[in-house]
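Asks: Could you have a look at this structure, given as structure tokens, before my questions?
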Amino acid sequence: MTPLATLLARRIEAAGPMTLADYMAECLMHPRHGYYATRDPFGAQGDFTTAPEISQMFGELIGLCLAQCWLDQGAPASVTLAELGPGRGTLMADILRATRGVPGFHEAAQVVLVETSAALRSVQRRTLGTRPVEWLDSAEDLPDRFTLLVANEFFDALPIRQFVRDGSGWRERMVGLQDGALAFGLGPETALAALAHRLEDTRQGEIVEFCPAAGPVMAAVAARIAAQGGAALVVDYGGWHSRGDTLQALQAHRFADPLACPGEADLTAHVDFEALAAAALPCGTACTTQGDLLLALGIEQRARRLAQSLSGEALASHEAATRRLTDAAEMGTLFKALAVFPPQGPAPAGFAG
Ligand code: SAH
């Protein structure tokens, strides 16, 4: 058993089974044993790779898209340039490099990173060098200013609850103990207002997921954009109107049993973009796939340009990275992009039409 498994087993013995959301929160963010609290999990040595770690083009195109939103909305003099869950800080570094040539943008932009992991905050500090950066614990603390925000693979790390349809109600999937080991079980039947609409499209025994933290985070971001202007781009894996069990554990680039190694595997779930878009009201929203967004923003032209100075293995890996980001068989379709923009529009570049 991992040290965290022992702690959780004791807690369950004393207080009874815990919700999956509590379990995920402990696994990811426990101050001593949590997955993000204790390590830098990205890249070939780590457990998974994300789009900004695959290629600089991802951050460059996102950065130019955000800078275009700033220009389209009158280039205000004071801007929050924010990221939720910045990982190593690579995406923000690429955004800043790509937008250096946009006159006035860097003078206006104040970089704000929402990050709970102290270990990753120090990696971000190193990545971003001497640029002034403010760290926040929560999106709810974002300043009430014109806001340009990006969140890549942030919402998938937020803890989810799972409910199994039982008659005209639900039973929550709980983490308890069986023969001393962590095991899934079902709680008593409950009615849940947040799931009332799912009674219409689920059958007996089907699982639906609900991410309690996602709505308030999205609403906090959307409130700033509705009042002060700006835009948010959320990129993540998931779908529209999700159903079924999507909890997954990844360790050393392989799928693992989510209960086997608490604190030592990454735990994520598909993002329900329908719920995110609903939480972003009254802002406008538009949704597309990662592949279509990057193609619309000009990844092919950018890839050709970068390829001119590459050869041999470096060229092959650059071409593979381009395919990985855009191909339907790789990240292109599974990953979605949601834009949130002021109620009067327009949608950011790459989302319109
Ligand atoms: N965006 C990065 C990293 C994604 S991993 C990339 O694309 O490479 C998820 C990130 O979200 C990590 O930085 C993790 O520490 C952070 N995180 C997870 N839950 C969080 C929470 N509740 N509040 C703030 N940051 C969180």
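Asks: Ordering 122, 311, 117 by accessible area with a probe of 1.4 Å, largest first, what comes out? Please list the in-between numbers first.
Replies: Working: 122 55, 311 85, 117 0 Å².
Largest accessible area first, the residues go 311, 122, 117.
Asks: Within segment 234-301, what percent of beta bridges assigned by DSSP are antiparallel, to the nearest 5?
Replies: 75
Asks: Measuring from centroid to centroid over Cα atoms, what is the spacing of segment 99-177 and segment 257-274 in Å?
Replies: 17
Asks: Residue 257 versus residue 199, label points 7 Å from Cα toward the beta carbon: distance in nm?
Replies: 3.6
Asks: Please work out, to two decimal places, the log10 of the ratio I(q)/I(0) at q = 0.11, 0.12, 0.14, 0.15 Å⁻¹ from a Debye calculation in which every Cα of segment 172-262 carries one identical scatterer.
Replies: The Debye formula, applied to the Cα set alone, gives -0.52, -0.61, -0.79, -0.88.
Asks: Considering only DSSP beta bridges whose two residues both sit in the chain, what percent are antiparallel, to the nearest 5?
Replies: The antiparallel proportion sits near 60 percent.
Asks: Rank 145, 100 by accessible area, highest first, at a 1.4 Å probe radius?
Replies: 100, 145
Asks: Looking at segment 83-216 only, what percent of DSSP beta bridges run antiparallel? Nearest 5 please.
Replies: 70
Asks: With the other protein chains left in place, how much accessible area per residue, in square angstrom, belongs to the chain at a 1.4 angstrom probe?
Replies: 43
Asks: Let me ask something else. GNM, the chain, Cα, under 10 Å: largest mean-square fluctuation among 104, 332, 34?
Replies: 104
Asks: Let me ask you something else. Any chance you could give the angle, 0 to 90 degrees and rounded to 10, that helix 214-228 forms with the longest Cα principal axis of the chain?
Replies: 30
Asks: If you don't mind, there's one more thing I want to ask. For a quick check of understanding: with a 1.4 angstrom probe and all protein chains in place, what accessible area in square angstrom does residue 134 have, to the nearest ten?
Replies: Ignoring ligands and nucleic acids, residue 134 comes out at about 90 Å².
Asks: Angle check, please: helix 20-29 long axis (alpha carbons) against the longest principal axis of the chain (alpha carbons), in degrees 0 to 90, nearest 10.
Replies: 50
Asks: Round to the nearest 0.05 the FRET efficiency obtained for residue 134 and residue 179 when R0 = 45 Å and r is the Cβ-Cβ distance. It would help to have the intermediate numbers written out before the result.
Replies: Numbers: r = 48 Å, r/R0 = 1.08.
Between residue 134 and residue 179 the formula returns 0.40.
Asks: Continuing with this model, one more query. Taking only Cα atoms and a 10 Å spring cutoff, compute GNM fluctuations for the chain and point out the largest among 187, 238, 205.
Replies: It is 205.
Asks: Which percent of the accessible area of segment 173-305 is formed by carbon and sulfur heavy atoms (probe 1.4 angstrom)?
Replies: 54
Asks: Could you give the distance between the Cα centres of segment 182-224 and segment 76-97, to the whole Å?
Replies: The distance from the Cα centre of segment 182-224 to that of segment 76-97 comes to 31 Å.
Asks: If eta is 0.692 mPa s and T is 37 °C, what Stokes-Einstein diffusion coefficient results for segment 1-56, Kirkwood Rh from Cα pairs, in µm²/s?
Replies: Rounded, D is 254 µm²/s.
Asks: Once you order the gyration tensor axes a ≥ b ≥ c over the Cα atoms, which shape class does segment 204-353 get: rounded for a/c under 1.5, otherwise prolate or oblate by comparing a/b with b/c?
Replies: Taking the square roots of the gyration eigenvalues as a ≥ b ≥ c, segment 204-353 is oblate.
Asks: Still on this structure, please answer the following. Grab the beta carbon distance between residue 344 and residue 240, set R0 = 22 Å, and tell me the FRET efficiency rounded to 0.05.
Replies: 0.35
Asks: Still on this structure, please answer the following. Evaluate Rg over Rh across the chain, taking Cα atoms for both radii and Kirkwood's formula for Rh.
Replies: Here the Rg-to-Rh quotient is 0.98.
Asks: Where does each of 236, 292 land when they are ordered by accessible area, with a 1.4 Å probe and the largest first? Mind dumping the intermediate values first?
Replies: On the way: 236 0, 292 90 Å².
Heavy-atom accessible area, descending, gives 292, 236.
Asks: Enter the angle in degrees (range 0 to 90, nearest 10) between the Cα long axis of helix 312-326 and the first principal axis of the Cα atoms of the chain, meaning the one along which they spread out most.
Replies: That works out to roughly 60 degrees.
The values are calculated or read from the model by the stated rules, or taken from the named source; none is laboratory data. What you are looking at is a predicted structure, and each value in this text was computed from that prediction instead of being measured. Cβ atoms come from the backbone with ideal geometry, glycine included; neighbour counts cover every protein chain shown. We work out accessible area using only protein heavy atoms, side chains counted, and drop any ligands, DNA or RNA first. Shrake-Rupley method; radii C 1.70, N 1.55, O 1.52, S 1.80 Å.
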